[in-house]
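The values are calculated or read from the model by the stated rules, or taken from the named source; none is laboratory data. Source: prediction; values computed, not measured. Glycine gets a Cβ as well: all are built from the backbone with ideal geometry, and neighbour counts include every protein chain shown.
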Amino acid sequence: MRDRRPGGKGRTNNCDPGQKGVVLAAGGFEHNASMREEFLPKPVSTEWTSGAKGNTGEVIRMGMTIGAAVDLMDDAWWGPVWSAW
C-alpha cells in the first residue's frame, strides 16, 4: 500500500492479505447519502449528522471494490445533536 496523503512521503508498506488482516481506519460514511441509504435504517439524511465532513466512505468503497470484508455497516453511534448555526 502506498501513502498518497497530501504531504505524505510516498512510503510503501508491504502486506500480504493472505497472511494478515488489514484494518482501514478511515472514518465513516455519514456524509455519503447513497451509502446511508444502502446500509442504515430508514429514514436517513446527511443533514442528520455532526460527523466530520470528510467522512464520505470512499476508503470503505475502495476496500470493498478489492474484496475486503465489511461488517456492522448497519450500525452507528447514535446520539442527540443540537446545531448552533
**OP:** Give segment 34-57 a look and list any residue that's assigned to a loop (DSSP other than H, G, I, E, B), hydrophobic (A, V, I, L, M, F, W, C) and surrounded by 13 or more Cβ atoms within 10 Å (Cβ to Cβ), or say none.
**Re:** LEU40, VAL44
Original post:
What pairs can you find where one residue is in segment 71-83 and part of a loop (DSSP other than H, G, I, E, B), the other is of a type in the set (Phe, Trp, Tyr) and surrounded by 10 or more Cβ atoms within 10 Å (Cβ to Cβ), and their Cβ atoms are less than 6 Å apart, with a gap of 6+ or different chains?
Top reply: MET73/PHE39; ASP74/PHE39
**OP:** Among the candidates ILE66, ILE60, single out the residue that is surrounded by 15 or more Cβ atoms within 10 Å (Cβ to Cβ) and either at pLDDT below 90 or under 23 Å from GLY21 (Cα atoms) (or both).
**Re:** ILE60
Subject >> Pairs with Cβ under 7 Å, 6+ apart, first in segment 49-60 and more than 9 Å from ALA26 (Cα to Cα) and without any contact (Cβ under 8 Å) to a residue 60 or more places away in the chain, second surrounded by fewer than 17 Cβ atoms within 10 Å (Cβ to Cβ) and of a type outside the set (A, V, I, L, M) >> reply: ALA52/GLY27; GLY54/GLY27
